[in-house]
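A short worksheet on the structure shown next.
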Amino acid sequence: MSDEIFSMLRDSAEDFLSAQVHNGSQTGRIGTPVLRDRKLWAAIAELGWLGVALPESHSGMGMSVDAAAVLCEVFGRKLFAEPYIAGALMPSAVLAESTEPAAFELAEGLACGNRYLTLAWQEQAGEADSATYATRWDGATITGRKRFVSALEDDGIVLVAAESNEGTVIVALAVEAAGVRYQRLATAQGHYADIQLDGAVPMAPPLLVGAVADAAIMCAVAWARVAASAQLSGIARGCLLATTDYVSQRKQFNRTLSAFQSVSHRCADMLVGVELSDAVWRFAAAEVSVAKQPENLACVYAAKARSGDVALTTGRTAVQLHGAMGFTEECAIGLYLRAAMQYNSWLGAPAAMRRLFLARSGQRDLLMEACND
């Protein structure tokens with residue numbers, strides 16, 4: 001896709017979010033699970049963002065993950081808290097592979113912003129790449145447990161991965177259905193949910209079955225990692241911009257903080273990290289957008305590891321450079337750090353990503369050293 005289209009997409013996102021997103025609305029949320037802002041969700045649906053990665057046959061724009069990543073970088077910079085990756089991008093990767101009538105209906109609702117979807121596949125910590133599930137589909141009902149489910153709405157729809165006699169299946173399940181119980185846990189910009197399924201009846205026959213279902217889930221995870229890398233990089237850049245602005249105005253001993261060499265050097269270090277993070281996720285996004293099996297690309301793990309490290313390091317340094325103000329809940333710099341902590345751990349922390357990178361790139365000696373550490 002051309003750089004001109006990416007530039008237009010980036011500019012429109014910056015203009016819209018500058019007018020719509022206010023950091024003050026995110027203060028006071030610590031420990032409180034937050035759902036979608038439905039008015040804002042409908043607004044980004046009108047802009048076409050929710051259907052960016054959906055093919056045109058499924059009511060989308062057919063732009064793939066590289067365009068979504070461009071948006072996510074802006075989301076990070078602007079501290080946009082809506083669950084775009086979990087609530088739009090990951091379901092898109094699954095629905096795009098299905099030819100079932102229900103998939104086309106759900107995709108249209110997703111793109112229009114009036115169907116609230118999410119993907120539930122993970123069952124244990126550290127198993128984001130698992131292709132086997134304890135959750136069971138018996139041909140009529142589904143039973144089991146799913147964890148770390150983001151963007152779960154009370155009237156939403158969950159795309160659930162489960163085992164069956166025919167291999168992996170993905171079924172669409174209404175959250176309001178009988179046999180569905182859930183509990184939400186707060187995160188920096190939303191929540192994760194623990195879902196218990198006790199003989200719940202899906203809305204329709206399975207959307208995907210067998211190897212196609214496995215591939216769709218792994219594709220969704222790969223897309224999400226690239227988009228999360230872009231968002232982490234955006235968080236780091238937004239954090240850097242806020243910090244350089246602060247140290248350029250704040251004075252001590254009749255000099256701005258930026259005039260002190262120790263401060264300017266730390267800002268320079270942050271800038272180098274952000275630029276490297278940007279380069280890595282952009283390369284990964286370009287590769288994934290044209291790959292038939294994006295889950296096998298080592299660059300996906302490299303992007304997630306690099307961006308996660310940079311976002312956390314930048315956030316912590318920024319808090320320190322803000323002094324005592326940086327530790328207050330009202331200061332926006334703390335919002336950046338908490339967002340970085342959330343996306344850094346989601347779908348694999350840097351250490352786990354580096355091990356997967358070494359495994360994919362065939363560096364067995366280094367992999368053994370990393371595992372021993």
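The values are calculated or read from the model by the stated rules, or taken from the named source; none is laboratory data. Not measured: the values here are computed from a predicted model. Please note: Cβ atoms are built from the backbone with ideal geometry, for glycine as well, and neighbour counts cover all protein chains shown. Just so you know, the surface numbers come from the protein's heavy atoms only, side chains and all, with ligands and any DNA or RNA stripped out. Shrake-Rupley method; radii C 1.70, N 1.55, O 1.52, S 1.80 Å.
If you go through segment 25-54 one residue at a time, how many are open to solvent by 30 Å² or more (accessible area, probe 1.4 Å), part of a helix (DSSP H, G or I) and at pLDDT 90 or above?
4
Please go through segment 171-203 and give me each residue that is in contact with a Ser or Thr (Cβ under 8 Å, 6 or more places away or on another chain), open to solvent by 50 Å² or more (accessible area, probe 1.4 Å) and not in a strand (DSSP E or B), ordered by number.
Val201
Being free of Cβ contacts under 8 Å to residues at least 12 places away in the same chain and touching a helix residue (DSSP H, G or I) at 6+ places or on another chain (Cβ under 6 Å) is true for just one of Cys299, Cys331. Which residue is that?
Of the residues listed, the single one that is free of Cβ contacts under 8 Å to residues at least 12 places away in the same chain and touching a helix residue (DSSP H, G or I) at 6+ places or on another chain (Cβ under 6 Å) is Cys331.
Mind checking which residues of segment 85-125 are in a loop (DSSP other than H, G, I, E, B), closer than 15 Å to Leu50 by Cα and not basic (Lys, Arg)? It would help to see each step written out before you state the result.
We begin by selecting, within segment 85-125, every residue in a loop (DSSP other than H, G, I, E, B); these are 96-100, 113-116, 121-125.
When the remaining residues are screened for being closer than 15 Å to Leu50 by Cα, the result is 96, 113-116.
Hits for segment 85-125 are Ala96, Gly113, Asn114, Tyr116.
Could you identify the single residue in Ala305, Ala318, Ala285 that is at pLDDT 95 or above, open to solvent by less than 20 Å² (accessible area, probe 1.4 Å) and of a type in the set (Gly, Ala, Ser)?
Ala305
Say whether the condition of being aliphatic (A, V, I, L, M) and more than 19 Å from Ala286 (Cα to Cα) is met by at least one residue in segment 52-73.
no
Just to be sure, is Ala200 among the hydrophobic types (A, V, I, L, M, F, W, C) and without any contact (Cβ under 8 Å) to a residue 60 or more places away in the chain?
On the way: among the hydrophobic types (A, V, I, L, M, F, W, C): yes; without any contact (Cβ under 8 Å) to a residue 60 or more places away in the chain: yes.
Yes.
Search segment 266-283 for residues that are closer than 12 Å to Val226 by Cβ and pair each with any residue that is of a type in the set (Ser, Thr, Tyr) and open to solvent by less than 80 Å² (accessible area, probe 1.4 Å) when their beta-carbon atoms are under 6 Å apart and the residues are at least 6 apart or on different chains.
Trp281/Ser229; Trp281/Ser233; Trp281/Ser307
Report the residue count in segment 136-170 for those that are open to solvent by less than 40 Å² (accessible area, probe 1.4 Å), more than 25 Å from Arg36 (Cβ to Cβ) and either touching a Leu at 6+ places or on another chain (Cβ under 9 Å) or without any contact (Cβ under 8 Å) to a residue 24 or more places away in the chain (or both).
Total satisfying the criteria: 5.
Please go through segment 68-84 and give me each residue that is part of a helix (DSSP H, G or I) and either within 18 Å of Ala42 (Cα to Cα) or without any contact (Cβ under 8 Å) to a residue 40 or more places away in the chain (or both), ordered by number.
Ala68, Leu71, Cys72, Phe75, Tyr84
Are any residues in segment 101-121 of a type outside the set (A, V, I, L, M) and open to solvent by 20 Å² or more (accessible area, probe 1.4 Å), and if so, which ones?
The answer is Pro101, Phe104, Glu105, Glu108, Cys112, Asn114, Arg115, Tyr116.
Output the number of the condition that Thr313 fails; it satisfies all remaining conditions of (1) at pLDDT below 85; (2) open to solvent by 20 Å² or more (accessible area, probe 1.4 Å); (3) over 18 Å from the mean Cα position of the chain (by Cα).
Here Thr313 meets the rest and fails (1).
When the residues of segment 89-100 are filtered to those that are of a type in the set (A, V, I, L, M, F, W, C) and over 15 Å from the mean Cα position of the chain (by Cα), which remaining residue is surrounded by the fewest Cβ atoms within 10 Å (Cβ to Cβ)? Write out each step before concluding.
First pass over segment 89-100, keeping only residues of a type in the set (A, V, I, L, M, F, W, C): 89-90, 93-96.
Filter again for over 15 Å from the mean Cα position of the chain (by Cα), leaving 94-96.
Values: Val94: 25, Leu95: 33, Ala96: 20.
Filtering first and then ranking leaves Ala96.
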